[in-house]
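**Q** Here it is: the structure, laid out below.
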Amino acid sequence: MKRMLILIIFGLLIFEAAYAQDSPVLWKKQVCEHVMVQKTVESVYVDGSTLYAGCGYVDSVHGVLWYKGNISAFSLNGTRLWTQEVGFVRKIEKINGSILVGTDISRGPSNWFGTLGKVWLLSENGSIITHNITFGSFFDFDSDGEFIYIGDGWWIGEGKANETWGRVYKWRIKNNKFNEEWFVELNGTIGRVRVGDIIYAGAGAPSGYTMKHYFGYIYGISKDGRLLWKINTTWWVRDMEIWKGSAIVGTGFDNVIGKVYLVDKNGEIKWQKDLFYIEDIEVFDNIAYIGGIKGQEGKLAALDLASRQIKWEVSFPNRVKVVKRYNDYLLVGTGEFSYKQEKNQTVVYSEGRLYVVSANDGKILESFDTGYVRSISIGKIVGIGTGSGEIYAFDPEKLIPKNNSICGVGSLLIFLLAGLLLDRKRG
């Protein structure tokens, strides 16, 4: 019996060591770690040997909401390389060797007109090259490689149709400066901008904001700044991506229902389809992977854009916030914020998981407890940003479950069973 006990302990130690070696988490870090209020990582970006992570939090001073935060750069082994204060980071991308960072700066009381955003251009060592103000809260940008197209917005009251505005800007980077080519002022906060056959812009309550009233518009803008057409979607435009030069647009209403549209450069709705409340769209070849929520369930669906048919749909315990394709798999970020009263103050908890899903049939293959996943970027590593100011670096190969992991467990059980039988014979 003693021999068997030793055998079991030895086997468990081997199993634990093998499991630790196969863990896909390379490292985990905090950003804005000295800030005591709730902070979030709305954007991560993996480029070459560097992971960039943007932090954001809100500070109220005399009724004015100051949106603060920074961007930090980490090596692939988790060493922090630098940090730059820029404001509440909403989006990070590389453009022509420099780092483009879109941030929110401030928003006044609900009856106040003014908001401000700012777009920064940083060098790879974190030094500031240039920056420029947007005259509404920054929400999104896209680029065609030569020009940057930016969406912002501002509102008063509770978001009635005549109380929301936004702009689409076209800027060129020249001589290390942003030069404005034009801007177009529109109705509705511009939460999405995409470059296709023309410039498409979507209006609705942007991610992270809530408004009492619903509105939604899709705009078509020429590359020389002319408003070509406008479509009223009634519900908020939540996300937008490009497919064959046209726009795939997702909307949402009351965390329950939404629609997906295909709109061409002439403003013609080629088709529309009822769906759940849409949060994110990932387009790969002719498939749109669409994440969102329906009531209390998170939802993920694969939509064939050519046939307009749903290939599969799967549910999750929490809202599906972000979806990224990796080879034949989908990395799906889910979660929610929960609020609890502790010591006479409200404490915000970030709850959620990262899922690995088969892109072919929607089967959930693996999941990891990370907290509310707000952003994902895939490169040499997989970067994850959460609603509690944490970033995770995953080994992309180890994220995918291996069949031999099951065989390993089976082999261990056979090994222990053989030992048990042998021990009995000897007894």
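Just so it is clear, none of the values below were taken in a lab; they were calculated from the coordinates. For clarity, every value in this text was computed on a predicted model and none was experimentally measured. Glycine gets a Cβ as well: all are built from the backbone with ideal geometry, and neighbour counts include every protein chain shown.
**Q** Placing +1 on the Cβ of each Lys and Arg and -1 on the Cβ of each Asp and Glu in the chain, which of Gly196, Phe147, Cys32 has its Cα farthest towards the positive end of the resulting dipole?
**A** Going by the Cα projections, it comes out as Cys32.
**Q** A further question on this structure: Roughly what angle does helix 403-426 make with the longest principal axis of the chain, taking Cα atoms, 0 to 90 degrees, to the nearest 10?
**A** Tilt relative to the chain: about 20 degrees.
**Q** Taking the Cα centre of the chain as origin, work out the dipole magnitude from +1 charges on Lys and Arg Cβ and -1 charges on Asp and Glu Cβ, in debye rounded to 20. Intermediate values should be presented prior to the final figure.
**A** Working: 49 positive and 46 negative charges, 144 e Å.
Its charge dipole is roughly 700 debye.
**Q** Shifting gears a bit: Which of the three applies to the range 216-361, rounded, prolate or oblate, going by the alpha-carbon gyration tensor with a ≥ b ≥ c and a/c under 1.5 meaning rounded? It would help to have the intermediate numbers written out before the result.
**A** Values: a/c = 2.25, a/b = 1.44, b/c = 1.56.
Oblate, because a/c is 1.5 or more while a/b does not exceed b/c.
**Q** So how strong a dipole does the range 283-359 carry about its Cα centre when Lys and Arg Cβ are +1 and Asp and Glu Cβ are -1, to the nearest 20 debye? Mind showing how you got there, number by number?
**A** Numbers: 11 positive and 8 negative charges, 31 e Å.
Dipole of the range 283-359, to the nearest 20 debye: 160 debye.
**Q** From the mean inverse distance of alpha carbon pairs (Kirkwood) and the Cα radius of gyration, derive Rg over Rh for the range 300-408. Before the final figure, lay out the partial values.
**A** Numbers: Rg = 15.8 Å, Rh = 15.2 Å.
Looking at the range 300-408, the ratio lands at 1.04.
**Q** Once the Cα atoms of helix 2-22 and of the chain are each reduced to a long axis, what angle between those two axes, in degrees from 0 to 90 to the nearest 10, is obtained?
**A** 20
**Q** Would you mind pulling out the separation of the Cα centroids of the range 149-195 and the range 56-103, in Å?
**A** The distance from the Cα centre of the range 149-195 to that of the range 56-103 comes to 20 Å.
**Q** Would you mind listing how long the chain runs along its three principal axes, going by Cα atoms, in whole Å with the largest first?
**A** 89, 49, 48
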